[in-house]
Amino acid sequence: MTRPAWLRWLLPALLGLLVLATFRDYGYSWDESWQNRWYGQAVLRFLASLGADRSAVTTNNFYLYGGTFDAAAELLVGLSPLVPRDTRHLANALAGLAGIAGCWALAGRLGGRAAGAWAALFLAACAPWYGHMFINAKDIPFAAATTWALVLCLRWAGEFPRPRPGTTLALGLVTGLALGVRIGGALILLYLLLLALLLAVRGALQHRGGRMGDLTAHAPRLAASLLAVGGVAWAAMLVCWPAALLRPVAIPLEALRAASQFQWVGPLLWNGREVWSNDLPWSYLPVLFAVQLPEVLVVLFAASLGWGALTCWPWRRGGPHPGAPAAALRPGLALLVLATLFPVGWAVAMGSTLYDNGRHFLFVLPPLACLAGLLWSRLVAAAAGRHAALGLALPLALLGALAPSTARMASLHPYEYAYLNAFAGGMPAGARRFDTEYWITSYREASRAVLDHAAAVAAASGTPLASLRFHVAVVGPQEVLAGELPENFTVVPADQESRADYLVATTRWRSDLWWPDWPEIAAVGRAGVRFAVVKAAPGLVRLVPPAPPRG
């Protein structure tokens, strides 16, 4: 079975059904209430007021980011019958599915349908991708846009040295969408320039066929296409970036400088010890990739990265993968290897400040999954060429190897991004070495425990719940919890013990140990790992004691 045609329909259908069935299960993440809701609204106000409302420019560090996805999500909120949180999460999930579709198209362009199907499956099976797909309004849309930009880079390369205007325009627009989410989308322009140089070198090596003469003749048109891509991308980037609209050159350049040395300092759990985000070991990102992905994919991704690097350089004469044009495979492999290794290598070399668990490097997963899809489809095709049974056995063996990790990931729902594999020691042992549920999405489940206990308090006192007022202290952004509680619950900062009736705290930074005199009434966790706790004031606990722990 060289081409798993059933995956062509089964995988998209399954993912679509999963999204529709589960997108309401996810709580707000740490950044989400400000970034997706507030900034999206501020961008729309800026545009509607023709720049008179400057809140998107003057608040926090939002001026360093475009608001393309945030503004689009807010527009959908205004049209959707769903509650705002669920609408945003559905929009985010659709961006994640678009990234998987882009991965399918990217690998399929180089290796055919089988490679595309396997690449899409591998990306969907990555816990960091699937877990962030619903809640990460920056890194997932950015990764989806950059993946499709890579697809268009390959189309542009296929038309080299005379790329069509339509391809040039489409590549510029998609690159602009990526830039409008993160300035890191400028990498696409770098990749395109390097790809053009590589193709020119390839033409020089094949000068006997007249390629260099063709290249020289079309150099002005090629240069115009490169400049057009950059110009269209820059214009598209500015549309939903208020600060950049006011200062179209200075602000993007400032964002570019800040991207590698972002001014955020916070403690991270790495290999059992606390490290600081601005002083990380060089192995931080590679190790995280090794412990957050399914074990079989760690091995396959590493092998495919090595295979891709060896295959694309030096460019040897010879036939590429069956079904892929000879002029496309090796430059395409070079593009995938570059898109995987360069961002990580640059961050390591520059000693860049990194966020929790390297979540802003999710965009390297699609090209990595594409390399794996290309390699795996070649192996399956080679096995099927020797014996038809082998062509069926290999895919079934891989699916069987992925099944346990997929089941473990599903058991964490809706905190799939907290997954740690056997290389980390599994869960809960791995949770003592690496961060797990670091984005406080578990506060939605914790809020239900607060409501249940408050309802019991109301019943014990013979007072309607709606007529009572409660104050809930929270470790983290108040907006994350405020969106989950009714109006008679006021959310306050965690330093206001004297005002609070409840405390909701993440177990990160040992925040669950705060206020030791307050009894714990509930905990949220999965797979033996506690993510968040709920505590109640002693007076309330005397009125309604906590239920005994289950089991």
Of the listed residues (446, 372), the one being open to solvent by less than 10 Å² (accessible area, probe 1.4 Å), part of a helix (DSSP H, G or I) and either in contact with a strand residue (DSSP E or B) (Cβ under 7 Å, 6 or more places away or on another chain) or at pLDDT below 95 (or both) is 446
Condition met for residue 454 (open to solvent by less than 10 Å² (accessible area, probe 1.4 Å), free of Cβ contacts under 8 Å to residues at least 24 places away in the same chain and within 23 Å of residue 547 (Cα to Cα)): no
If you go through segment 288-302, how many residues are open to solvent by 40 Å² or more (accessible area, probe 1.4 Å) and either touching a strand residue (DSSP E or B) at 6+ places or on another chain (Cβ under 8 Å) or within 19 Å of residue 361 (Cβ to Cβ) (or both)? 2
Scan of segment 475-499 for residues that are surrounded by 19 or more Cβ atoms within 10 Å (Cβ to Cβ) and part of a loop (DSSP other than H, G, I, E, B), ordered by number: 475, 476, 477, 483, 484, 485
Mind counting the residues in segment 248-277 that are open to solvent by less than 40 Å² (accessible area, probe 1.4 Å), modelled with pLDDT of 85 or more and either part of a loop (DSSP other than H, G, I, E, B) or of a type in the set (Lys, Arg) (or both)? 0
The number of residues in segment 166-180 that are farther than 12 Å from residue 226 by Cα, part of a helix (DSSP H, G or I) and not hydroxyl-bearing (Ser, Thr, Tyr) is 8
So for segment 514-525 (the condition being at pLDDT below 95, under 20 Å from residue 412 (Cβ atoms) and within 24 Å of the chain's Cα centre (by Cα)), does at least one residue qualify? no
Hits in segment 140-162 (condition: crowded, with 24+ Cβ neighbours inside 10 Å and of a type outside the set (A, V, I, L, M, F, W, C)): 141, 146, 147
Please find, among 160, 134, 142, 122, the residue that is modelled with pLDDT of 95 or more and either at positive phi or not in a helix (DSSP H, G or I) (or both). 134
Would you point out which residue out of 389, 383 is more than 27 Å from residue 109 (Cβ to Cβ), among the small types (Gly, Ala, Ser), in a helix (DSSP H, G or I) and free of Cβ contacts under 8 Å to residues at least 40 places away in the same chain? 389
Residue pairs meeting the criteria (Cβ under 6 Å; at least 6 apart or on separate chains; first β-branched (Val, Ile, Thr), in segment 239-256; second in a helix (DSSP H, G or I)): 251/243; 251/244
Would you mind telling me which numbered condition in (1) open to solvent by 40 Å² or more (accessible area, probe 1.4 Å); (2) among the β-branched types (Val, Ile, Thr); (3) modelled with pLDDT of 95 or more residue 463 fails? (3)
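The values are calculated or read from the model by the stated rules, or taken from the named source; none is laboratory data. No experiment lies behind these values; they were computed from the predicted model shown. Positions of Cβ are backbone-derived with ideal geometry, glycine not excepted, and every protein chain shown enters the neighbour counts. The protein model used for the area step is the full one, side chains on, heavy atoms only, and it has no ligands, DNA or RNA in it. Shrake-Rupley method; radii C 1.70, N 1.55, O 1.52, S 1.80 Å.
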